Amino acid sequence: MARASRLSFEILPATSGATAAAWGGAAHAARRGLLTTPHGAVETPAFMPVGTLGTVKGVTPQELSAAGASILLANLYHLALRPGIDTIERLGGLHRFIGWTGPLLTDSGGFQVWSLGHLRTVDDGGVTFRSHLDGSSRRFTPEAVVEWQERLGVDVAMTLDECPPWPVSREQAAAASERTLGWARRARAAWRGDSGGGLFGIVQGGVFHDLREGAARELAALDFDGYAIGGVSVGEPPAERRAVVERTAAALPPERPRYLMGVGYPADMLHAAMHGIDLFDCVLPARNARHGVLFTREGTLKIRHACFRDDPRPVDAGCGCPCCSRLSRAFLHHLVRAGELTGPVLATLHNLRYYLDFMAELRQAIALGALADLAARLACAPLPHDPQEQRSP
RNA sequence: GGAGGUGUGGCCGAGUGGACAAUGGCAGCAGACUGUAAAUCUGCCGGGCAACGCCCUACGGAGGUUCGAAUCCUCCCGCCUCCA
């Protein structure tokens, strides 16, 4: 199944023999890698900021670069509805349109099957969405989704998948998984890869390990450029999610990049990276920032709280973002309370920087075989929203 | 001086005899958020308690009518508009 061009993914050697059992005694499979795309290389494990509509809300491409982002995620469903694939294509493709020169990955709209649950109908042929903007009907098929992403010129395209809700019955999960596999075959056949980008297949199967492992094997046989684990950030308990990640990651071809979709908290990413996940994306740093929740090396901080009214310290003394490098918690508190746009913008810049710094630390820890140290440090910075993540390794 | 209007919980503002400790909004106090229909959503928001119920204090002030008043009457005080 030779192709003219494809993404390349190289696994980098660890600097030391880093095979310590670092998390609950489990042997891990963490790796560093280099994903090379037509628009540049990405060091993995990597976090992709989410720019659904072509922008991370409130942040310019320059600022994203400065924060350390190397690859961005955008969403095909949203862009297809507005401004439309034709428009973006006419304007020179997605990179030019949004002013991002680095690698881009687009999600296929599969997540919207879940998040827009009552605005769509799914059948074997594809998904019909009623636009959340104007109610008009839009048909997404595996072939169309591939074609649109190629027309956008993205570096990584995702196959159309069916992301089932949670809790999910085995029957539902199996049906969604089967459908997703069928669509993956069709997407794979429709993919031309002329632009040098790659196509990732997505594993579904709910919380049923045998379904997911079976799907992983079938997908592997289709020779995708990378493999994603989908359907894991829809409300299931952390323990279930962890188990799914561990089992599924182990069933995926080791020589290709593995992408855990929609995850998550730093502790989630650390855990997943320990089991060989290379790519992540999540709206959390951006959304939480807009909602006044900041990630710091000492735990999360709700900047609206009155205790920050007179706090002259930076949000995170260990951070070099535009907010922390010269502004106080008191000022950010004031901006957020006053409803000033600058508040959420600075908070987003900070959270993104925190995530991106964290990934850099993670890469280094893998290189040095020091994941246990990182895990221990993270455990000292509690994330009150997800108490189960706080336990020490 | 005459005529009319108005005064509600920190603020704005509904309510015009009982279902009112009083709709909304803001502010305040918490919580949630995981491939973004999210700069959103949820809860609390007079005081007290042995507290899913009871008691106290409350709709400018003082009286009054009534079984019952934020709601009706009288007087007083403040503010607004128009006419002299």
ask   = Would it be correct to say that A:Gly235 is within 11 Å of RNA strand B (Cβ to nearest atom), of a type in the set (Gly, Ala, Ser) and at positive phi?
value = yes
ask   = Considering only strands (runs of 3 or more DSSP E) fully contained in segment A:239-304, which possess at least 1 residues that are under 26 Å from A:Ala216 (Cβ atoms) and modelled with pLDDT of 95 or more?
value = A:258-260, A:279-282
remark   = For segment A:157-179, the count of residues that are under 19 Å from the mean Cα position of the chain (by Cα) and without any contact (Cβ under 8 Å) to a residue 40 or more places away in the chain equals 0
ask   = For A:Ala243, all conditions in the list (1) within 25 Å of A:Ala144 (Cβ to Cβ); (2) of a type outside the set (Lys, Arg); (3) within 15 Å of RNA strand B (Cβ to nearest atom); (4) surrounded by fewer than 19 Cβ atoms within 10 Å (Cβ to Cβ) hold save one; what is the number of the exception?
value = (1)
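Do you know which of the residues in segment A:305-330 that are outside any loop (DSSP other than H, G, I, E, B) and more than 15 Å from RNA strand B (Cβ to nearest atom) is farthest from A:Ala69 (Cα to Cα)? Break it down into steps so the answer makes sense when it comes.
In the first step, residues of segment A:305-330 are kept if they are outside any loop (DSSP other than H, G, I, E, B); the result is A:306-308, A:322-326, A:329-330.
So of that shortlist, the ones also more than 15 Å from RNA strand B (Cβ to nearest atom) come out as A:322-326.
Numbers: A:Pro322: 15, A:Cys323: 17, A:Cys324: 18, A:Ser325: 18, A:Arg326: 21 Å.
Ranking the qualifying residues of segment A:305-330, first place goes to A:Arg326.
I need the full set of residues from segment A:342-373 which are polar (S, T, N, Q) and touching a helix residue (DSSP H, G or I) at 6+ places or on another chain (Cβ under 7 Å), in order please.
Matches in segment A:342-373: A:Thr342, A:Thr348, A:Asn351.
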request  = Scan segment A:134-154 and give yes if some residue there is of a type in the set (S, T, N, Q), under 16 Å from A:Gly51 (Cα atoms) and either at pLDDT 95 or above or within 15 Å of RNA strand B (Cβ to nearest atom) (or both), otherwise no.
outcome  = yes
Enumeration of residues in segment A:306-333 that are in contact (Cβ under 8 Å) with a residue 24 or more places away in the chain and over 18 Å from A:Tyr355 (Cβ atoms) = A:Phe308, A:Arg309, A:Arg329, A:His333
ask   = Quick one: is A:Leu335 modelled with pLDDT of 90 or more, within 22 Å of the chain's Cα centre (by Cα), at negative phi and of a type in the set (A, V, I, L, M, F, W, C)?
value = no
task = Please tell me if A:Gly201 is under 24 Å from A:Gly126 (Cβ atoms), part of a helix (DSSP H, G or I) and of a type outside the set (Val, Ile, Thr).
result = no
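The values are calculated or read from the model by the stated rules, or taken from the named source; none is laboratory data. Model, not experiment: these values are computed from the prediction. Note that each Cβ is placed from the backbone with ideal geometry, even for glycine, and that neighbours are counted across all protein chains shown.
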